[in-house]
Every structure is written in C-alpha cells, then in structure tokens.
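The values are calculated or read from the model by the stated rules, or taken from the named source; none is laboratory data. Since the structure is predicted, the reported quantities are computational estimates derived from the model, not experimental observations. Using ideal geometry, Cβ is built from the backbone for each residue, glycine included, and neighbour counts are taken over all protein chains shown.
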Amino acid sequence: MFIPVIGLEVHAELLTDSKIFCGCSAEFGGDHNTRCCPGCAGFPGTLPMLNKRAVEYAIRAGFTMNCDINKLTYWDRKNYFYPDLPTAYQISQLYLPLCVNGEVEINVDGQNSKKIRIHQIHLEEDAGKLVHDDFNNVSLADYNRGGIPLIEIVTEPDFSNAEEVKEFIEKISLLLQYAGVCECKMEQGQLRADVNISLMRESDTQLGTRAEIKNLNSIKSITRAIEYEIQRQTKILQSGEKVVQETRRFNENRGTTSSLRSKVDAHDYRYFPDPDIPAVTITQTELDGIKAQLPELPDARLERYIDEYKLTPINARILIADRAISDFFDEAVKSYNKPKSISDFIIVELLRRINLGELDANDIPFSAAEFARLVQAADEQKIAKNNAKTTLRYMIETGDSLDKVAEENGFWIKEDREKLISTIDKILAENENVVAEYLAGEVKVFGYLMGQCTKALRGVCTPQSIKKELEDKLEKLK
Amino acid sequence: MDITKLKLRQIRDMLDNKETSCEELVNAYTGRINDLDGELSCFITRTSEGALEQARNADKSIAGGDAAELTGIPLAISDNICTKGIKTTAGGKMLEEFIPPYDATVISRLNEQGAVLLGKTNLDEMGIDITTRNSHFGSTKNPFNIDDSTIGITAGVASGLFPVGIGADTGGSMLIPAANCGVTSIRPTYGRVSRYGLIANASSFDQIGGVANDAHDLAILLGGIAGFDEFDRTSSTRDADFTAKIGNSIKGMKIALPKEFYGDMVDDEIKQAVLSAAKQYEEMGANLIEVSIPSIEFAIPAYYIIANAEFSSNLARYDGIKFGYRAEDIDSYEQLVKRSRTEAFGDETKRRILLGNFVLSSDSYKDYFEKALAVRQKMISEFNDVFASCDVILTPTNIAISQAQDAATNYNSIYCTAPTSMAMLPSITTTCGYSNSGMPIGMSITGRKFDEATIIGLADQFERGFNKILPALIGGR
C-alpha cells in the first residue's frame with residue numbers, strides 16, 4: 001500500500017596518489033597522523049592546492065554515468081564544527097558541481113532494466129577519523145584520511161526497494177573500477193552511502209517526509225537499513241502518525257535505525273564559494289582527452305561477449321565483474337581466438353585460484369598470451385586436461401613459465417608413434433586373456449586396456465591417438 | 001651612525017660599498033628599538049639574536065660578492081605572517097603561543113636573499129582593524145601623536161625602528177595606518193604576492209604588501225617578495241619590474257578623481273591636501289579627470305558582508321583542538337570549542353564572526369551575501385570603465401585625521417581603501433600634506449590590475465618634490 005521512494009548519496013574515495021589539496025600520500029592506513037601536513041591539518045596560513053588528477057578522475061566517473069560535465073566549476077566551503085574536520089569547513093561543491101544530469105542503467109529482477117538518474121557528482125575532501133579510547137575516556141583525531149579526494153554521487157529518488165539500491169551500488173562500483181578511479185572496497189571505507197527514504201501512497205502526488213540514514217558502509221547494511229526503515233515508516237503511517245524529517249543512524253548489531261538529529265537541529269552549513277581556490281575551466285579538448293582514456297565499459301563488454309563471442313550471459317557477467325579479469329580475457333582471446341575455451345578456463349580454473357586467495361587478479365604473474373597458449377595446448381591435447389590444470393597451479397605457485405613447468409613435469413605430449421605401437425603391442429601381449437574376452441564380445445574390458453595404455457603412455461601420446469591405435473589393433477585381431 | 005632616516009637604497013649602497021656592516025646596522029636598529037619601543041609598542045616578538053646571526057651571514061655573502069637586492073636589509077614582519085620556529089600570534093590571544101612549523105612564502109623568499117628579521121610587529125587580532133585597539137598585546141602608539149594608536153609595522157618605519165616592513169592589507173588595515181604615520185605603503189594587486197603563510201582574515205581581500213619611507217624602496221622590497229607560488233593558487237604568474245617607471249615623465253598621464261571620494265564622508269583638510277597634490281600632478285603635465293563610481297555608495301556594507309563571511313569561516317579552525325588556545329577543565333567537545341573561542345577571541349573578532357555567520361545562513365544568504373557579491377561585480381566593472389579612459393585613480397587614504405573611537409564610525413574609516421581592495425586593484429599611499437594639528441595626510445593612487453609600476457612611478461614623482469616632516473618623537477631624541 002505504500003511505495004518507498006529512495007535516493008542515494010554515495011561517497012567514493014578516488015585512487016589518486018596524493019590528497020586533493022596537498023602533497024600528502026592518499027594511501028589507506030598508516031600510523032596515526034603520519035600522512036598529514038600543516039595543509040591538510042588546517043594550520044593557519046596554509047592554502048589548498050587543487051589536485052588536477054582528482055578533477056580528471058571525477059570527470060571520468062561522470063562519463064561512466066553519462067553525466068554532463070560543467071566546463072566551469074568551483075568549490076564551496078561547507079561550514080560545520082567537528083573534531084575530525086581540521087579547518088571546520090569541508091571543501092565541497094554545491095553551486096556548480098563538476099558533473100550533472102547523468103543516468104545509470106541497472107538490472108531489476110534479473111530481466112528488466114531501469115534507469116537511475118544521477119543528479120550530480122561533485123568532488124570534495126574527506127575528513128579525518130576519530131579514534132575513541134573508551135578505557136582512558138578520550139577521543140583522538142587522526143588526520144591521515146583528511147583531504148583524500150572523494151566524489152559524492154547524488155541520485156534522484158528513483159529507487160523503490162533495497163534490491164534496486166544493491167544493484168545500483170554494485171553497478172557503480174563496477175563503473176568506478178573500470179574507470180580506474182576507485183577500487184570500491186567498502187570494508188576500507190572507499191565507498192560509503194547515505195540513504196534518503198520516504199513512503200507515499202499510490203494516490204499521492206507529493207513525496208512523503210523523508211528520513212536520511214547516514215554513513216552505511218556495506219551492501220548488507222544498506223539493504224538491512226532500508227528494509228528496517230520501510231517497516232518503521234509503514235508502521236508510523238498506518239497508525240495515522242507522521243514521519244519526522246530527520247537524520248538517522250543504522251545500528252549494525254540491532255539492525256535498527258535511530259534518530260541522530262531532527263530537522264530543527266539540522267546543520268546550516270553556510271555554504272559559500274571558497275575564495276582560496278580559483279574556479280576551474282575545462283576545455284572540450286581536455287574532456288575529449290579524458291574520455292579517450294576510458295576503457296570499454298562493462299555494459300558494452302557484456303554485449304560483445306554475448307553477441308560476438310557467444311558466451312552465456314552468466315559467464316559473460318562473471319568475466320566483466322572484475323575489470324582485470326575482463327581485460328585478461330580480452331587479451332587472451334587476442335592470441336587464441338576460442339573465447340569459450342578461454343572463458344571456461346578462466347572461470348573454472350583461474351578464478352578458483354583467485355578466490356582461494358592464491359593470487360590477485362591485478363597481479364597475475366604470467367601474460368594473457370601465455371595463459372592462452374596453455375588453454376590452446378589443453379584444447380589440442382598437447383597437454384592432458386588434468387595436467388593443464390596442474391600446470392596453471394604450478395605457474396601460479398612458482399612463477400615459472402608454461403614451458404618450464406610443462407617440461408620439468410613431463411606434461412608435454414610428444415606423439416611418439418613408434419613408442420605408441422610398441423607399447424600397445426606389449427600391453428596386448430601381456431594381457432592375452434583380456435584381449436580374448438574382448439574378442440569374445442566382452443567390450444567393456446576395453447576400458448581396462450585403455451587404462452593400462454594411457455598409464456604407460458603418459459606424456460607420449462594423447463588419449464585420442466592411444467584410443468584410436470588401440471581400437472585399430474583390436475579390430476585387426478578380430 | 002644615524003639610522004633614523006635611512007632608506008633601503010642607501011643601506012644597500014652602504015653595505016655594497018663596505019661603509020658599514022650589516023652587523024653594525026642591526027646593532028644600531030636594535031639599540032633604537034630598545035630606546036623607543038617601550039613607549040611605542042611596535043613589536044610583539046623581537047628576534048635580536050636571530051637577527052645578529054642573519055646579519056653575520058649576510059656580511060659573509062656581501063663580502064663574497066654574492067649579495068641580492070635584500071641581502072642584509074634589516075626589516076620587520078607583521079605578526080600575522082608565519083615564521084618557522086618564531087611565535088606568530090596574529091595579534092590575538094588565540095595564537096599567543098603559536099609557533100608555526102613552516103615559513104610563509106614571503107619569509108622563505110626573504111630568507112633566501114638574506115634579509116634580516118628584527119621582529120614581529122603588533123596588529124589588530126587577525127588584522128581586523130587599523131588601530132591595534134583590538135590587539136591582545138595592547139595598542140601601538142602613533143609617533144606623530146602618542147595619544148593616537150596605529151599598527152606596529154607603520155609606526156616602526158615612521159620612527160626609524162626599521163627601514164622597511166612587510167605586512168598585509170585587507171580593506172585598508174595597512175594603507176590607512178601608513179597614511180596616519182606619514183609613511184609610504186603599497187597593497188599590490190590581489191595575487192601579486194603569495195598569501196601562503198599569511199594567517200587569513202578575509203581571503204579574497206588579503207594581500208601582502210610593504211611599508212617604507214618612499215615608493216622607490218617599496219618597489220625594491222616588492223620585487224623581492226612578489227611572484228607566483230605553487231602553494232597559493234590564487235597567486236599570479238605575471239612578471240613585473242616594479243621600478244620600471246621610476247623617474248619617467250608623467251606628461252599626458254590621465255588621473256581620475258572619482259567624486260564619491262571627495263564628498264561629505266571625507267574630512268575637509270584631507271580633501272584639500274589630496275586636491276592640492278592633484279594640482280601638482282597637473283602642473284607636472286598630467287590631466288585631471290573627474291569621474292564617478294556610483295557603486296561606492298554600497299561599498300562599506302558590501303565589503304563587510306563578504307569580508308565577515310570569509311572571516312567567520314577562516315576562524316572556524318580555531319577550536320582549541322589542534323593549535324592555539326585551549327580552555328581548561330572542559331568535559332565535552334562542544335564545551336571545548338565554545339569556551340576556547342569565548343575565552344580567546346576579542347570582542348570585535350566575535351562580533352565579526354557573528355555577522356559573518358549571519359550573512360551566510362540559509363535565511364539571509366540571498367538577501368545579503370549574494371547582493372554583496374553583485375555589488376562587488378558592479379564595482380569591478382565601474383572601475384574598469386574608469387580605467388578605459390584613465391591611467392590611475394587618485395583618492396584620499398583616510399576619511400579622518402584622528403581615528404574614531406567607536407565601532408560604527410570605525411567601520412566607515414575604510415571608506416577610501418575598501419573599494420579598491422574589493423576590485424583587487426593595486427594601491428599605494430604616500431604622504432601629501434599635514435593637518436593643522438600636525439598629523440600626516442595620505443593620498444592613495446590606484447592603478448590597473450598588475451600595473452604597480454605606474455602607481456609607484458607616480459608616487460615617486462610626488463615624493464621627490466615633497467618635504468616630509470619627521471614625527472615629534474624622532475625629532476625630539
């Protein structure tokens with residue numbers, strides 16, 4: 001009876017080497033207050049120096065979400081006191097954000113697609129972190145994270161349920177990874193979301209009063225918080241009461257949300273243009289240059305894998321789910337044009353090793369071309385299927401080349417016809433009784449003979465040629 | 001050695017010709033500071049020992065034939081400019097014990113050239129006024145009238161405690177005291193000198209400049225500190241030769257006299273002195289052109305709206321957590337911030353923070369802040385119109401001979417200097433006469449953006465024919 005109306009504000013940390021307004025390292029972690037300087041600690045007299053790379057990354061993100069890029073943009077100060085914010089204002093964008101009017105297509109119920117409109121993407125700085133020491137009853141500020149560039153992706157209230165939100169978060173994570181601007185590791189806080197929810201009746205023409213749930217940092221929390229909040233608001237409306245406009249926080253342990261501050265206590269951020277940062281103008285040539293750096297995006301790849309390579313949609317989706325894997329796949333197909341074989345070997349063998357934590361998709365110790373050669377060798381039975389799997393495992397474990405591993409372990413099948421014939425003759429001679437049984441019509445003993453031959457001829461011939469020769473010999477004996 | 005009237009150029013010659021050593025000079029200035037500063041209170045922090053060491057190094061450089069323009073020049077710095085390892089208070093209790101771990105860019109540039117720092121001078125808290133009545137460290141006396149207060153950097157040059165000084169101007173906080181002390185001061189074009197390390201008052205107005213005995217000295221001083229700085233992205237990459245027009249004829253030069261600066265707001269004695277200086281320019285061959293800049297009418301309210309807005313935001317970082325004053329016996333974050341700020345900021349600072357927060361609040365942003373920005377744009381375009389047909393603008397520097405004591409009148413005191421700061425234009429003030437009471441009167445020459453050379457040349461032409469009177473304090477000792 002009530003339709004949930006949900007909008008998101010997603011914060012994503014950008015992968016720049018240095019912070020947005022100073023030269024400090026933007027890397028995650030580090031000992032407390034080792035990655036900060038007078039600038040990002042807000043000391044008197046210091047000034048922000050805008051990181052050009054951060055602007056480029058934000059524009060890249062905008063392109064992946066089909067945004068218009070404002071060629072003239074500037075930064076505003078968002079003023080509020082909090083001990084993790086050294087200057088007591090966050091440099092952000094309100095009046096003329098970098099990217100506007102975008103859209104992202106998501107899959108709903110596995111089949112249909114839905115367009116989520118992006119209101120804006122703006123570029124801002126992250127705040128530091130508070131470290132609470134309950135034992136000594138003090139809170140300390142760590143400014144390592146302060147000044148790491150963030151983009152805030154603001155959607156229109158286009159979502160109707162938690163499932164769509166989950167799809168969206170997964171989709172934009174993928175887009176940002178493809179754009180090379182954010183790794184989207186939610187457990188490291190690289191992606192965080194605020195969710196706005198209100199309910200309305202089908203007959204309503206205006207949106208209901210919304211609550212905002214702040215700072216959700218896993219897809220699970222987002223889903224649970226939304227589901228709880230829908231229940232909570234439904235109960236309120238059903239009992240004839242009104243939802244209060246407020247900011248709420250999600251309690252991970254209880255799975256509930258609770259009020260953080262009401263509208264009356266809401267901050268007045270007193271935004272105004274930051275006089276320390278000159279407005280930035282971006283030329284069309286620069287925009288074209290940034291666009292040219294973008295790789296083929298996941299949707300286009302998916303289509304190509306299904307249409308051109310005839311992969312199943314499920315497999316195609318698995319491949320594009322990680323840009324490094326998808327890139328690896330495309331490279332491998334370039335040297336061995338059997339997409340299905342490559343895809344199968346990646347999905348069954350390589351991804352298994354990656355999921356086991358034996359290697360990192362971004363740091364595969366061999367080239368895609370070498371991997372393709374292994375797949376081809378297996379296809380053409382130059383290496384037995386099982387041995388091909390073992391070869392891959394050894395290549396991962398030792399970092400040795402395909403040739404070295406296959407050579408040292410005798411995995412190469414040499415197709416020695418002379419030895420094939422002499423070995424089969426020898427085995428047939430040693431198993432006269434079995435041969436006789438076979439000739440008498442007991443065909444199932446073929447398997448036993450084949451087994452003996454394969455064992456003796458491992459690495460000498462392919463099972464196919466062994467089988468063919470054995471069949472020929474037995475035929476002649478009839 | 002009588003150092004009282006020494007100019008930077010004379011010191012340069014004396015040092016280069018080995019007529020004196022830098023060490024000797026520093027001892028002489030230190031002695032004079034010892035004699036007079038008890039009465040004047042120009043300094044918040046003196047750096048005598050560091051100065052001697054710098055002086056000896058400078059003497060070595062000079063002896064090695066390795067001297068730059070400012071090598072061995074003793075000077076003072078206004079205490080809102082950060083000096084590494086040396087207390088930088090910005091005139092307030094909040095930063096009373098603040099020792100910056102970095103140098104402002106102007107300080108780095110001075111150090112590279114081997115200039116000698118005698119100390120850090122008094123100013124109103126965060127540079128918000130022209131009188132030091134709002135300094136936590138007491139007020140500095142004007143050597144022309146010790147009942148009148150002024151700021152350290154101008155009183156010091158006027159009294160011969162140092163030959164040149166570096167400070168900052170926002171809406172007139174250096175130009176007006178310079179006029180009152182009978183010295184020359186320049187606020188260059190916004191962006192000409194890096195603001196990195198200048199403790200911010202109002203960021204879109206703050207500009208570092210200098211104080212000296214004459215315009216030619218200022219040109220040399222400015223040459224030593226100006227130029228692009230990657231740490232201040234609002235700084236300009238334009239090159240400049242500030243002495244380029246010194247000694248040039250001013251024949252045919254078009255000097256604009258905007259009538260708004262010659263109305264009821266300005267004291268008659270001041271108007272007469274400035275107009276008589278204009279007459280002298282005319283006699284030297286310049287053309288005087290009466291013009292109008294109507295938006296000046298709204299300059300003061302617009303200036304305070306924007307400046308206080310920026311001020312309130314710039315001062316939010318003083319929360320008692322990372323640096324500066326921290327209240328004791330507190331039991332919550334809110335209390336820490338509230339009490340630290342309440343106890344450390346002065347009344348005028350608090351008033352401006354409140355006003356700034358008010359004009360930025362969502363209820364008044366459109367009615368105040370946006371309108372003030374519009375006035376600023378209008379004023380910029382009106383100034384541009386004037387510069388389409390004129391080379392410079394000549395105005396009084398101050399509206400009154402003596403500084404008014406109440407805040408309301410005081411806000412009007414920057415009537416002549418705030419508009420040019422709003423338009424980010426370069427202005428120089430030099431003495432053009434004296435009142436019947438014996439107080440100096442200053443005139444301001446404002447030029448096109450980045451055309452400091454013209455206003456310096458023009459001020460220099462006037463100074464050549466002008467007889468300066470020394471303050472009683474100096475004459476008497």
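Name the residues in the stretch B:360-376 that are assigned to a helix (DSSP H, G or I), of a type outside the set (Lys, Arg) and surrounded by 13 or more Cβ atoms within 10 Å (Cβ to Cβ), would you? Step through it out loud before you land on a result.
Initial filter on the stretch B:360-376 (assigned to a helix (DSSP H, G or I)): B:360, B:365-376.
Imposing the further condition that a residue be of a type outside the set (Lys, Arg) reduces the set to B:360, B:365, B:367-370, B:372-375.
Hits for the stretch B:360-376 are B:360, B:365, B:368, B:369, B:370, B:372, B:373, B:374, B:375.
Return yes when residue A:5 is under 26 Å from residue A:118 (Cα atoms), in contact (Cβ under 8 Å) with a residue 12 or more places away in the chain and within 14 Å of another protein chain (Cβ to nearest Cβ) and no when it is not. No: the conditions fail for residue A:5.
Condition check ((1) hydroxyl-bearing (Ser, Thr, Tyr); (2) at pLDDT 95 or above; (3) in a loop (DSSP other than H, G, I, E, B); (4) over 25 Å from residue B:209 (Cβ atoms)) across all residues:
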residue: B:23; (1), (2), (3), (4): no, yes, no, yes
residue: B:29; (1), (2), (3), (4): yes, yes, no, no
residue: B:37; (1), (2), (3), (4): no, yes, no, no
residue: B:44; (1), (2), (3), (4): no, yes, no, no
residue: B:51; (1), (2), (3), (4): no, yes, no, no
residue: B:62; (1), (2), (3), (4): no, yes, no, yes
residue: B:65; (1), (2), (3), (4): no, no, yes, yes
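Of the residues screened, residue A:197 is not one that is in contact (Cβ under 8 Å) with a residue 24 or more places away in the chain, under 17 Å from the mean Cα position of the chain (by Cα) and either under 23 Å from residue A:12 (Cβ atoms) or not in a strand (DSSP E or B) (or both).
Of the residues in the stretch A:276-293, at least one is surrounded by 19 or more Cβ atoms within 10 Å (Cβ to Cβ) and either at pLDDT below 95 or touching a Ser or Thr at 6+ places or on another chain (Cβ under 6 Å) (or both). Can residue B:283 be described as within 14 Å of chain A (Cβ to nearest Cβ), among the acidic types (Asp, Glu) and more than 19 Å from residue B:425 (Cβ to Cβ)? When the stated conditions are applied, residue B:283 does not pass them. A residue that is away from chain A (no Cβ under 14 Å) and modelled with pLDDT of 95 or more occurs nowhere in the stretch B:200-207.
Scanning the stretch B:301-326 for residues that are assigned to a loop (DSSP other than H, G, I, E, B) and within 12 Å of chain A (Cβ to nearest Cβ), which turns out farthest from residue B:169 (Cα to Cα)? Here the residue is B:321. Pairs meeting the criteria (first residue in the stretch B:185-196 and within 13 Å of chain A (Cβ to nearest Cβ), second residue of a type in the set (S, T, N, Q), beta carbons under 6 Å, at least 6 apart or on different chains) are B:190/B:207; B:191/B:234; B:191/B:235; B:191/B:236; B:194/B:105; B:194/B:235; B:196/B:105. Consider the stretch B:132-148 and keep the residues that are assigned to a strand (DSSP E or B) and in contact with a helix residue (DSSP H, G or I) (Cβ under 9 Å, 6 or more places away or on another chain). The one that is surrounded by the fewest Cβ atoms within 10 Å (Cβ to Cβ) is B:146. For the stretch A:333-344, the set of residues classified as free of Cβ contacts under 8 Å to residues at least 40 places away in the same chain and either of a type in the set (D, E, K, R) or in a helix (DSSP H, G or I) (or both) consists of A:333, A:334, A:335, A:339, A:340, A:341, A:342, A:343, A:344, listed by residue number.
Selection of the stretch B:327-359 for residues being buried (at least 18 other Cβ atoms within 10 Å of the Cβ), more than 10 Å from every other protein chain (Cβ to nearest Cβ) and aliphatic (A, V, I, L, M) yields B:344, B:353, B:355.
Just one residue in the set B:194, B:249, B:173, B:236 is small (Gly, Ala, Ser) and closer than 18 Å to residue B:413 by Cβ; that residue is B:173.
Figure legend. Inter-residue proximity from the stretch B:1-22: first residues closer than 24 Å to residue B:50 by Cβ, second residues surrounded by 12 or more Cβ atoms within 10 Å (Cβ to Cβ) and of a type in the set (Phe, Trp, Tyr), beta-carbon distance below 8 Å, spacing 6+ or different chains. Indicated pairs: B:3/B:29.
What number of residues in the stretch A:50-92 are facing another protein chain (nearest Cβ under 7 Å) and surrounded by 21 or more Cβ atoms within 10 Å (Cβ to Cβ)?
6
For every residue, the table says whether it meets (1) of a type in the set (A, V, I, L, M, F, W, C); (2) within 29 Å of residue A:110 (Cα to Cα); (3) crowded, with 18+ Cβ neighbours inside 10 Å; (4) in contact with a His (Cβ under 6 Å, 6 or more places away or on another chain).
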position: A:129; (1), (2), (3), (4): no, no, no, no
position: A:143; (1), (2), (3), (4): no, no, yes, no
position: A:149; (1), (2), (3), (4): no, no, yes, no
position: A:167; (1), (2), (3), (4): no, yes, yes, no
position: A:171; (1), (2), (3), (4): no, yes, yes, no
position: A:174; (1), (2), (3), (4): yes, yes, yes, no
position: A:189; (1), (2), (3), (4): no, yes, no, no
position: A:203; (1), (2), (3), (4): no, yes, no, no
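From B:22, B:82, B:42, which residue is surrounded by 16 or more Cβ atoms within 10 Å (Cβ to Cβ) and within 14 Å of another protein chain (Cβ to nearest Cβ)?
That would be B:82, the only listed residue that is surrounded by 16 or more Cβ atoms within 10 Å (Cβ to Cβ) and within 14 Å of another protein chain (Cβ to nearest Cβ).
Here the helices (runs of 4 or more DSSP H) wholly within the stretch A:348-439 that include at least 2 residues being within 23 Å of residue A:320 (Cβ to Cβ) are A:351-355, A:368-379, A:385-398. Residues in the stretch A:338-386 that are of a type outside the set (Asp, Glu) and over 26 Å from the mean Cα position of the chain (by Cα): A:373, A:374, A:376, A:377, A:378, A:381, A:382, A:383, A:384, A:385, A:386.
Kindly evaluate residue A:23 against the criterion of being at pLDDT below 95, small (Gly, Ala, Ser) and surrounded by fewer than 17 Cβ atoms within 10 Å (Cβ to Cβ). No, not satisfied. Taken over the stretch B:85-99, the criterion of being within 11 Å of chain A (Cβ to nearest Cβ) and either surrounded by 24 or more Cβ atoms within 10 Å (Cβ to Cβ) or of a type in the set (D, E, K, R) (or both) is satisfied by B:88, B:89, B:90, B:92, B:94, B:95. For residues in the stretch A:258-282 being of a type in the set (Asp, Glu) and closer than 24 Å to residue A:22 by Cβ, which is farthest from the other protein chains (Cβ to nearest Cβ)? Only one residue tops the list, namely A:274. The residues listed here are B:168, B:178, B:155, B:115; of these, the one that is buried (at least 24 other Cβ atoms within 10 Å of the Cβ), within 23 Å of residue B:422 (Cα to Cα), more than 14 Å from chain A (Cβ to nearest Cβ) and of a type in the set (A, V, I, L, M, F, W, C) is B:178.
Just a yes or no: is a residue in the stretch B:336-345 closer than 22 Å to residue B:448 by Cβ and either assigned to a helix (DSSP H, G or I) or touching a Leu at 6+ places or on another chain (Cβ under 8 Å) (or both)?
Taking the stretch B:336-345 as the starting set, the residues that turn out to be closer than 22 Å to residue B:448 by Cβ are none.
No; the residues of the stretch B:336-345 include none that is closer than 22 Å to residue B:448 by Cβ and either assigned to a helix (DSSP H, G or I) or touching a Leu at 6+ places or on another chain (Cβ under 8 Å) (or both).
Go through the residues of the stretch B:363-372 one by one and say whether even a single one is touching a Phe, Trp or Tyr at 6+ places or on another chain (Cβ under 9 Å), aliphatic (A, V, I, L, M), within 30 Å of residue B:150 (Cα to Cα) and more than 14 Å from chain A (Cβ to nearest Cβ). Checking the stretch B:363-372: not a single residue is touching a Phe, Trp or Tyr at 6+ places or on another chain (Cβ under 9 Å), aliphatic (A, V, I, L, M), within 30 Å of residue B:150 (Cα to Cα) and more than 14 Å from chain A (Cβ to nearest Cβ). All of (1) under 27 Å from the mean Cα position of the chain (by Cα); (2) in a helix (DSSP H, G or I) hold for residue B:282 with one exception: (1).
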